[in-house]
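Working notes, beginning with the structure itself.
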Amino acid sequence: MGIEIRKIAISTGGGDCPGLNAVIRAVVRAADQKYGWEVVGIKDGLRGVSGDSTKLIPLSRHNVGGLIRQGGTILGTTNTGNPFSVVKKVDGKDVVHDMSDEVIENIRREKIDAVVGIGGDGTMAIMNELYKKGIPIVGVPKTIDNDLLSTDVTFGFDTAVSIATDALDRLQTTAQSHHRVMVLELMGRYAGWIALHSGIAGGAEVILIPEIPYDIDAVCRVVKRRMAREGFTIIVVAEGAKPMEGTVTTLGKKQGIVERLGGVGQKVAEEIEQLTGAEVRTTVLGHVQRGGSPTAYDRILSTRFGVEAVELIHNGQFGRMVALRGNDITSVTFEQAIEQLKFVDPDGQLVHTAEAMGVCLGR
Ligand code: F6P
């Protein structure tokens, strides 16, 4: 058994994701129902406990009512809130400061006994550093990209796939009416899970993902054949997809410390138009994939994760992230959680399934 718990805090970090509020609700209700703990929410990632003021919201089972179906996060979030590297202007220059000691001091001053950090790989890495500095923390994995290796599924992914599949269904009818090629650009920075799953579910003819650099000639062969026979083509492109000889397409702007991706859909569309003469239109689904109500699957997964996070705290198992393995909820250390991302296996079963359906993966 670990320390005595009276009060816990919840923080949401990184990009938002459908199901964050459902996790908050589950943590608050389980903490109250099972152990009678007080719960507070930290505003805007760890920014809410940075500097000399703290921004905490008291959470009770009354103010988390209805949250299971609500998108976003009532706590707010940021992907530029790493307290270990806060950029400040000094004499007109950007200087990186380590503000983690203030964060730790504020958490202790507020008499917070343990923290639940909900986020992706970046957030887990930050949580791990705070844990190593003595803060009792447990993690809950989120990302629509589903690219965390230590959990079979992250909440938010199922919702994103449903939204993308619905978009493909809608593009199909207009593509067919106008005899066009429709390119749909989806999120998926390093991994093509959303594109692959929704591409299969939405009956796309071409699916381009970061893990399989594409050959534009292979794509154009499919387009020519489809336009001659069926008169329309649906193409899904993950934002991180890149050509065989080339690199990812960026918007030339930063997103935290990494480049913002975007534009590969339009790039592919222009090349197809030029090489095949077909009429092509591009849709970028963007943040629509991250907004709105979570699916039933994501609500259940979020609830299971939230309850398990409370159990980890109760058992004094800090420095761990909850995870789904098969049908069971389990946990891994933060170190294991951030070790590696989970990529689509170019020779795996799902890719082979798509190819067996005649889908072109750009090779
Ligand atoms: O990590 C999830 C993700 O949706 C990525 O696929 C995408 O590159 C990124 O978030 C976009 O983040 P932002 O909201 O900062 O534009």
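The values are calculated or read from the model by the stated rules, or taken from the named source; none is laboratory data. Bear in mind the structure is a predicted one, so any value in this text is a computation, not a measurement. Glycine gets a Cβ as well: all are built from the backbone with ideal geometry, and neighbour counts include every protein chain shown. For accessibility, only protein heavy atoms count, side chains too; no ligands or nucleic acids. Shrake-Rupley method; radii C 1.70, N 1.55, O 1.52, S 1.80 Å.
Only DSSP H runs of four or more residues enter the estimate; each adds -39500 (n - 2.57), and after division by the residues of the chain the mean residue ellipticity at 222 nm equals -10500 deg cm²/dmol. Computed extension length for M244-K34: 70.2 nm, one decimal, from 0.36 nm per residue of separation with the Cα-Cα distance subtracted.
Here the Karplus relation 6.51 cos²θ - 1.76 cosθ + 1.60, evaluated at θ = phi - 60°, turns the backbone of the stretch 92-102 into coupling constants of x, 10, 6, 10, 8, 10, 9, 9, 5, 5, 5 Hz, with x for every Gly and Pro.
Between H179 and Y297, residue separation times 0.36 nm minus the direct Cα-Cα distance comes to 38.9 nm. Each residue of the stretch 288-296 is assigned a 3J(HN,Hα), and the resulting list reads 4, 5, 9, x, x, 5, x, 5, 4 Hz, derived from the Karplus form 6.51 cos²θ - 1.76 cosθ + 1.60 (θ = phi - 60°), x at Gly and Pro.
Rounded to the nearest 10 degrees, the inclination of helix 121-132 to the longest alpha-carbon principal axis of the chain is 20 degrees. Note on the chain: GNM, Cα springs under 10 Å; of V116, V96, V248, the largest mean-square fluctuation is that of V96. Rounded to the nearest 10 degrees, the angle from helix 20-30 to the longest Cα principal axis of the chain is 30 degrees. Taking 0.36 nm per residue of separation and subtracting the current Cα-Cα distance, fully stretching the chain between R260 and R69 would add 65.8 nm. Nearest 5 is fine: what % of DSSP beta bridges in the chain come out antiparallel, could you say? For the chain, the DSSP antiparallel bridge percentage is about 35. Among the protein heavy atoms of the chain, carbon and sulfur supply 49% of the accessible surface, probe 1.4 Å, non-protein parts ignored.
Between V138, V258, V310, the residue with the greatest mean-square fluctuation in the GNM of the chain (Cα pairs under 10 Å linked by springs) is V258. Reported to the nearest whole Å, the Cα centre-to-centre distance from the stretch 212-257 to the stretch 135-203 is 16.
Residues whose amide H comes within less than 5 Å of that of H97, counting only those at least five positions distant or on another chain, are V86, V87, K88 (H built at 1.01 Å from N in the peptide plane).
Take the chain with all the other protein chains still there, run a 1.4 Å probe, and you get 44 Å² of accessible area per residue.
Taking amide H as placed 1.01 Å from N in the peptide plane, the amide H of I10 sits under 5 Å from that of V40, G41, I42, V116, each at least 5 places away or on another chain.
Restricting the stretch 150-252 to GluC sites (Glu not before Pro) that sit in a DSSP loop and have at most 14 other Cβ atoms within 10 Å of their own Cβ leaves E230, E245. Coupling constants for the stretch 222-237 follow from the phi torsions by the Karplus curve (6.51 cos²θ - 1.76 cosθ + 1.60, θ = phi - 60°), and in residue order they are 5, 4, 4, 4, 5, 5, 5, 8, 9, x, 7, 9, 10, 10, 10, 10 Hz; glycine and proline get x.
The reciprocal of the average 1/r between distinct C-alpha atoms defines the Kirkwood hydrodynamic radius, which for the chain equals 21.5 Å.
Spin-label model, D101 to E311: label points 7 Å out along the Cα-to-beta-carbon direction sit 3.9 nm apart. Straight-distance candidates among the aspartates and glutamates for linking to K342, with alpha-carbon spacing under 17 Å and chain neighbours fewer than 8 residues away dropped: D121, D145, D147, D152, D158, E211, E239. Measure up K55/K88; K133/K242; K93/K133; K142/K254; K224/K253; K88/K267 against 32 Å on the Cα-Cα distance and list the ones that go over. Long pairs (Cα-Cα over 32 Å): K133/K242; K224/K253; K88/K267. Amide H to amide H, with H built 1.01 Å from N, S331 comes under 5 Å of A323, counting only residues 5 or more places away or on other chains. For the peptides 142-154, 98-110, 328-340, the ranking by mean Cβ contacts within 10 Å, running from highest to lowest, is 142-154, 328-340, 98-110. The aspartates and glutamates within cross-link reach of K43, meaning a Cα-to-Cα straight distance under 19 Å and a gap of 8 or more places when in the same chain, are D16, D52, D101, E102, E105, E110, D113.
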